[in-house]
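Everything on this sheet refers to the single structure shown next.
The values are calculated or read from the model by the stated rules, or taken from the named source; none is laboratory data. Given the structure is predicted, the values throughout are model-derived calculations rather than measurements. Don't worry about glycine lacking a Cβ; one is built from the backbone with ideal geometry, like all the others, and counts go over all protein chains shown. Calculation scope for accessible area: heavy atoms of the full protein, side chains included, ligands and nucleic acids excluded. Shrake-Rupley method; radii C 1.70, N 1.55, O 1.52, S 1.80 Å.
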Amino acid sequence: MAWGRFEQNFVYNYDINACLDAVMRTGAQRKLKVKSADRNAYRVVFSTGMSLTTWGEKVHVALGVLPDGKTGINIASVSNLGTEITAKSRNEKNVYEFVNTLNTFLPQR
(Lines give C-alpha, C1' and ligand atoms only; values in the text may rest on other atoms or scores of the structure.)
Protein backbone atom coordinates (compact mmCIF):
# COMPACT_ATOMS: atom_id res chain seq x y z
CA MET A 1 0.00 0.00 0.00
CA ALA A 2 1.28 3.44 -0.87
CA TRP A 3 1.74 5.96 1.91
CA GLY A 4 -0.62 8.48 0.39
CA ARG A 5 -3.67 6.30 -0.23
CA PHE A 6 -6.60 4.97 1.80
CA GLU A 7 -9.56 3.11 0.33
CA GLN A 8 -12.76 1.55 1.71
CA ASN A 9 -15.91 -0.10 0.30
CA PHE A 10 -19.40 0.63 1.59
CA VAL A 11 -22.84 -0.83 0.81
CA TYR A 12 -26.11 1.11 0.73
CA ASN A 13 -29.66 -0.18 0.35
CA TYR A 14 -30.54 2.56 -2.14
CA ASP A 15 -30.82 2.86 -5.92
CA ILE A 16 -27.51 3.70 -7.63
CA ASN A 17 -28.84 7.02 -8.96
CA ALA A 18 -29.98 8.09 -5.49
CA CYS A 19 -26.51 7.19 -4.19
CA LEU A 20 -24.81 9.18 -6.95
CA ASP A 21 -26.95 12.22 -6.15
CA ALA A 22 -26.04 11.84 -2.47
CA VAL A 23 -22.34 11.59 -3.38
CA MET A 24 -22.55 14.84 -5.34
CA ARG A 25 -24.39 16.56 -2.47
CA THR A 26 -21.79 15.24 -0.03
CA GLY A 27 -18.96 16.69 -2.11
CA ALA A 28 -20.70 20.06 -2.23
CA GLN A 29 -21.37 20.08 1.51
CA ARG A 30 -17.75 19.12 2.27
CA LYS A 31 -16.64 21.94 -0.10
CA LEU A 32 -14.73 19.57 -2.38
CA LYS A 33 -14.04 20.62 -5.95
CA VAL A 34 -15.34 18.29 -8.68
CA LYS A 35 -12.37 17.35 -10.87
CA SER A 36 -14.33 14.95 -13.07
CA ALA A 37 -17.74 13.32 -13.05
CA ASP A 38 -18.99 10.58 -15.35
CA ARG A 39 -22.65 9.95 -14.54
CA ASN A 40 -22.86 7.09 -17.08
CA ALA A 41 -19.95 5.20 -15.48
CA TYR A 42 -20.97 6.27 -11.94
CA ARG A 43 -17.53 7.70 -11.14
CA VAL A 44 -16.64 11.03 -9.53
CA VAL A 45 -13.27 12.55 -8.60
CA PHE A 46 -13.17 15.38 -6.06
CA SER A 47 -10.12 17.32 -4.92
CA THR A 48 -9.11 19.08 -1.75
CA GLY A 49 -6.98 22.17 -1.80
CA MET A 50 -3.31 22.54 -0.96
CA SER A 51 -2.29 23.98 2.39
CA LEU A 52 0.85 24.54 4.42
CA THR A 53 0.82 20.90 5.54
CA THR A 54 -0.32 19.07 2.38
CA TRP A 55 -0.13 19.07 -1.39
CA GLY A 56 -3.83 18.21 -1.45
CA GLU A 57 -5.71 15.01 -2.09
CA LYS A 58 -8.09 13.56 -4.64
CA VAL A 59 -11.15 11.65 -3.46
CA HIS A 60 -12.20 9.00 -6.00
CA VAL A 61 -15.73 7.63 -5.72
CA ALA A 62 -16.94 4.68 -7.81
CA LEU A 63 -20.43 3.20 -7.58
CA GLY A 64 -21.83 -0.09 -8.79
CA VAL A 65 -24.88 -2.30 -8.41
CA LEU A 66 -24.25 -5.44 -6.37
CA PRO A 67 -25.87 -8.81 -7.18
CA ASP A 68 -28.37 -8.36 -4.33
CA GLY A 69 -29.55 -5.05 -5.83
CA LYS A 70 -27.83 -2.83 -3.27
CA THR A 71 -25.31 -0.17 -4.28
CA GLY A 72 -21.63 -0.61 -3.58
CA ILE A 73 -19.56 2.54 -3.18
CA ASN A 74 -15.75 2.54 -3.25
CA ILE A 75 -14.16 5.68 -1.79
CA ALA A 76 -10.42 6.26 -2.10
CA SER A 77 -8.45 9.27 -0.93
CA VAL A 78 -5.13 9.66 -2.75
CA SER A 79 -2.47 12.27 -1.98
CA ASN A 80 -1.28 14.43 -4.85
CA LEU A 81 2.26 13.74 -3.64
CA GLY A 82 2.25 10.03 -2.80
CA THR A 83 5.45 10.12 -0.78
CA GLU A 84 4.05 12.12 2.15
CA ILE A 85 4.61 9.96 5.24
CA THR A 86 1.80 11.57 7.25
CA ALA A 87 -0.66 11.37 4.36
CA LYS A 88 -2.21 7.99 5.22
CA SER A 89 -3.91 9.30 8.36
CA ARG A 90 -5.14 12.36 6.44
CA ASN A 91 -6.43 10.12 3.62
CA GLU A 92 -8.20 7.88 6.13
CA LYS A 93 -9.78 10.93 7.76
CA ASN A 94 -10.97 12.20 4.34
CA VAL A 95 -12.70 8.88 3.58
CA TYR A 96 -14.44 8.59 6.94
CA GLU A 97 -15.55 12.23 6.98
CA PHE A 98 -16.93 11.79 3.46
CA VAL A 99 -18.83 8.66 4.56
CA ASN A 100 -20.19 10.32 7.70
CA THR A 101 -21.60 13.14 5.59
CA LEU A 102 -22.88 10.69 2.96
CA ASN A 103 -24.70 8.78 5.70
CA THR A 104 -26.73 11.90 6.52
CA PHE A 105 -28.10 11.82 2.95
CA LEU A 106 -28.46 8.00 2.89
CA PRO A 107 -29.62 6.91 6.35
CA GLN A 108 -29.72 3.22 7.22
CA ARG A 109 -32.90 1.45 6.24
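A few notes on this one:
- Residues within the stretch 87-109 that are at pLDDT below 90, farther than 17 Å from VAL44 by Cα and assigned to a helix (DSSP H, G or I), tallied: 6
- Tabulated pairs, the stretch 41-70, first hydroxyl-bearing (Ser, Thr, Tyr), second open to solvent by less than 70 Å² (accessible area, probe 1.4 Å) and at pLDDT 95 or above, C-beta under 6 angstrom, 6+ apart or interchain: TYR42/LEU20; TYR42/LEU63
- Those residues of the stretch 4-15 which are at pLDDT 95 or above and open to solvent by 70 Å² or more (accessible area, probe 1.4 Å), in sequence order: ASN9, VAL11, ASN13, ASP15
- Number of the condition not met by VAL78 [criteria: (1) open to solvent by less than 40 Å² (accessible area, probe 1.4 Å); (2) β-branched (Val, Ile, Thr); (3) at pLDDT 95 or above]: (3)
- Summed over the stretch 40-53, residues that are in contact with a helix residue (DSSP H, G or I) (Cβ under 8 Å, 6 or more places away or on another chain), in a loop (DSSP other than H, G, I, E, B) and modelled with pLDDT of 95 or more total 1.
- Restricting GLY56, GLY27 to residues that are open to solvent by less than 80 Å² (accessible area, probe 1.4 Å), modelled with pLDDT under 95 and not polar (S, T, N, Q) narrows the list to GLY56.
- Flag if ALA18 is at pLDDT below 95 and in contact with a Ser or Thr (Cβ under 9 Å, 6 or more places away or on another chain): no
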